[in-house]
1. Which of the numbered conditions does residue 31 fail, given that it passes all the others? Conditions: (1) closer than 20 Å to residue 106 by Cα; (2) touching a Gly at 6+ places or on another chain (Cβ under 7 Å).
2. Identify, please: which residue in segment 23-56 is open to solvent by 60 Å² or more (accessible area, probe 1.4 Å) and in a loop (DSSP other than H, G, I, E, B) and is, among those, nearest to residue 87 (Cα to Cα)?
3. Quick test for you: out of 87, 102, pick the one residue that is open to solvent by 60 Å² or more (accessible area, probe 1.4 Å), of a type outside the set (Ser, Thr, Tyr) and either without any contact (Cβ under 8 Å) to a residue 24 or more places away in the chain or more than 15 Å from residue 16 (Cβ to Cβ) (or both).
4. Of all residues being part of a loop (DSSP other than H, G, I, E, B) and in contact (Cβ under 8 Å) with a residue 24 or more places away in the chain in segment 63-79, which is least open to solvent (accessible area, probe 1.4 Å)? Just the residue, please.
5. Scan (1) within 14 Å of the chain's Cα centre (by Cα); (2) part of a loop (DSSP other than H, G, I, E, B); (3) acidic (Asp, Glu) for the single condition residue 105 breaks and write down its number.
6. Before we move on, is residue 48 within 11 Å of the chain's Cα centre (by Cα) and either closer than 24 Å to residue 112 by Cβ or of a type in the set (A, V, I, L, M) (or both)?
7. Can you name the residue in segment 1-22 that is in a loop (DSSP other than H, G, I, E, B) and in contact with an Asp or Glu (Cβ under 8 Å, 6 or more places away or on another chain) and is also most open to solvent (accessible area, probe 1.4 Å) among such residues?
8. Being of a type in the set (D, E, K, R) and assigned to a loop (DSSP other than H, G, I, E, B) is the filter here; which residues of segment 80-99 pass it?
Amino acid sequence: TGTITQRGQVEVVTVDLVKSSGGTTFSITIKNTGNKPVVTLQVTLDDEDAQDLQIGGMNISDANMLQPGQTATLSYNPTDGKYVVGESYTVTIYAEFSDGSEFTDTIKVTCE
């Protein structure tokens, strides 16, 4: 018999940074594509403060884990006036899993 290797991994499903006359909106959806529950999931847009993602309207935590296969979302209005249409910005994703292991990744998002 074989053993299943525990791995922690998350994947960005969607990411948007949209500037309109009403302000700027950043939104992201992340899926737990590994086989370990996530106990902390945060996203940092450019040099803004880190933001916690949510499932069911609650922050991810030891009591509200993001299970394998589940998705979490975040939508908020970052610093107004800072983001320029057509420019790209760095998004950092940080996840901590139930066994204490961590995963960090960076992607780019272009302001629309």
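1. (2)
2. 46
3. 102
4. 78
5. With respect to (1) within 14 Å of the chain's Cα centre (by Cα); (2) part of a loop (DSSP other than H, G, I, E, B); (3) acidic (Asp, Glu), residue 105 is out only on (2).
6. no
7. 6
8. 80, 82, 87, 99 - these are the residues of segment 80-99 that are of a type in the set (D, E, K, R) and assigned to a loop (DSSP other than H, G, I, E, B).
The values are calculated or read from the model by the stated rules, or taken from the named source; none is laboratory data. Not measured: the values here are computed from a predicted model. All Cβ positions, even for glycine, are placed from backbone atoms using ideal geometry, and neighbour counts span all protein chains on display. Note: accessible area is taken over every heavy atom of the protein model, side chains too, but ligands, DNA and RNA are not part of it. Shrake-Rupley method; radii C 1.70, N 1.55, O 1.52, S 1.80 Å.
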